[in-house]
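The values are calculated or read from the model by the stated rules, or taken from the named source; none is laboratory data. Only a predicted model underlies this, so the values are computations on that prediction, with no experimental measurement involved. Using ideal geometry, Cβ is built from the backbone for each residue, glycine included, and neighbour counts are taken over all protein chains shown. Heads up: the accessible areas ignore ligands, DNA and RNA and are worked out on the full protein's heavy atoms, side chains in. Shrake-Rupley method; radii C 1.70, N 1.55, O 1.52, S 1.80 Å.
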Amino acid sequence: MNIILLGPPGAGKGTQSAGLVERHGMRQLSTGDMLRAAVKAGTPVGLKAKEVMERGELVSDEIVSDLIDAELAAMGQDTGAIFDGYPRTAAQAESLDAILARNGRTLDHVIELEVNEDALVVRITGRFSCAKCGALYHDTANPPSTPGVCDSCGSTEFKRRPDDNEETVRTRMQEYRAKTAPILPGYEARGIVSRIDGMAAIDTVAGQIDAILRS
Ligand code: AMP
């Protein structure tokens, strides 16, 4: 099973990917996570991507497609892939088709999480994650059950993404509207697009995703 989770920043792609990994043993391929790791490690890719990401713009198609290509090639054939935050442009969508074909995989579902853009700013500026295990939280919608302590690993250190501020979020949404949303009609023509209300509760969205995977 190979699926794409699509939606503007804050739609819940990361949260839902983590759930799919846990429930179905799939593997999350998040270009955002890969790029943040490259920035942290100071690799040549990280050095190129850092400022572009801080502005909320898109890094080059070649960089992200190469990252996906390498990850997928290193993955066992039996493990399902969740593409999270990739593809984000028509060129990336074309590259993904070629990468999947090379790896003997086909795309089963494109799931779009639909969201109210005004609410996204609140969602994004309130989100944070465990610095140790990466578990995702939100100040009001999904805080740790004991304040200041990670539910998953017990760590007391948390972090926020530098690009989760209102100004950058607006740029990221604009990029989504201008460059990412236009790739949907191509997938619709293949009959593999499903839409879900991404404003619903996390468990509700997860249940709807599972229903799509069973269909
Ligand atoms: P994300 O974690 O998916 O919100 O991505 C964070 C940032 O990484 C984006 O705002 C872009 O600057 C960059 N990025 C992640 N994935 C891609 C992609 N597929 N194409 C271009 N830039 C990306």
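Residues in region 110-121 that are buried (at least 16 other Cβ atoms within 10 Å of the Cβ) and modelled with pLDDT under 95: 115, 120, 121. Out of 107, 96, one residue alone is crowded, with 17+ Cβ neighbours inside 10 Å, farther than 19 Å from residue 205 by Cα and out of contact with any Asp or Glu (no Cβ under 8 Å at 6 or more places or on another chain). It is 96. Give the residue, chosen from 88, 127, that is within 25 Å of residue 200 (Cβ to Cβ), within 13 Å of the ligand (Cβ to nearest atom) and in contact with a strand residue (DSSP E or B) (Cβ under 7 Å, 6 or more places away or on another chain). Testing whether each residue is within 25 Å of residue 200 (Cβ to Cβ), within 13 Å of the ligand (Cβ to nearest atom) and in contact with a strand residue (DSSP E or B) (Cβ under 7 Å, 6 or more places away or on another chain) leaves just 127. Among the residues of region 48-64, those that are within 8 Å of the ligand (Cβ to nearest atom) and crowded, with 17+ Cβ neighbours inside 10 Å comprise 49, 53, 56, 58, 59, 61, 63, 64. The one condition from (1) of a type outside the set (Ser, Thr, Tyr); (2) at pLDDT below 95; (3) crowded, with 18+ Cβ neighbours inside 10 Å that residue 196 does not meet is (2).
Remark: pairs (first residue in region 168-197, touching a residue at least 24 places away in the same chain (Cβ under 8 Å); second residue open to solvent by less than 80 Å² (accessible area, probe 1.4 Å) and assigned to a strand (DSSP E or B); Cβ separation under 6 Å; 6+ apart in sequence or on different chains) = 187/110; 187/193; 192/109; 192/110; 193/110; 194/111; 195/112; 196/113. Within region 174-215, the only residue that satisfies the criterion of being part of a loop (DSSP other than H, G, I, E, B) and of a type in the set (Val, Ile, Thr) is 192. Return a yes/no flag: does region 159-177 have any residue that is open to solvent by less than 40 Å² (accessible area, probe 1.4 Å), β-branched (Val, Ile, Thr), modelled with pLDDT of 95 or more and within 17 Å of residue 9 (Cβ to Cβ). No, that holds for no residue. For region 135-155, the set of residues classified as within 16 Å of residue 14 (Cα to Cα), in a loop (DSSP other than H, G, I, E, B) and open to solvent by less than 40 Å² (accessible area, probe 1.4 Å) consists of 135 only.
Test residue 203 against the criterion of being under 24 Å from residue 127 (Cα atoms), loosely packed, with under 12 Cβ neighbours inside 10 Å and at pLDDT 95 or above, and give yes or no.
Numbers: under 24 Å from residue 127 (Cα atoms): yes; loosely packed, with under 12 Cβ neighbours inside 10 Å: yes; at pLDDT 95 or above: yes.
Yes, satisfied.
Of all residues in region 70-93, those being open to solvent by 10 Å² or more (accessible area, probe 1.4 Å), touching a Ser or Thr at 6+ places or on another chain (Cβ under 9 Å) and among the β-branched types (Val, Ile, Thr) number 1. Considering region 7-118, the qualifying strands (runs of 3 or more DSSP E), each wholly inside and each with 2 or more residues that are of a type in the set (S, T, N, Q) and within 19 Å of residue 134 (Cα to Cα), run over 27-30.
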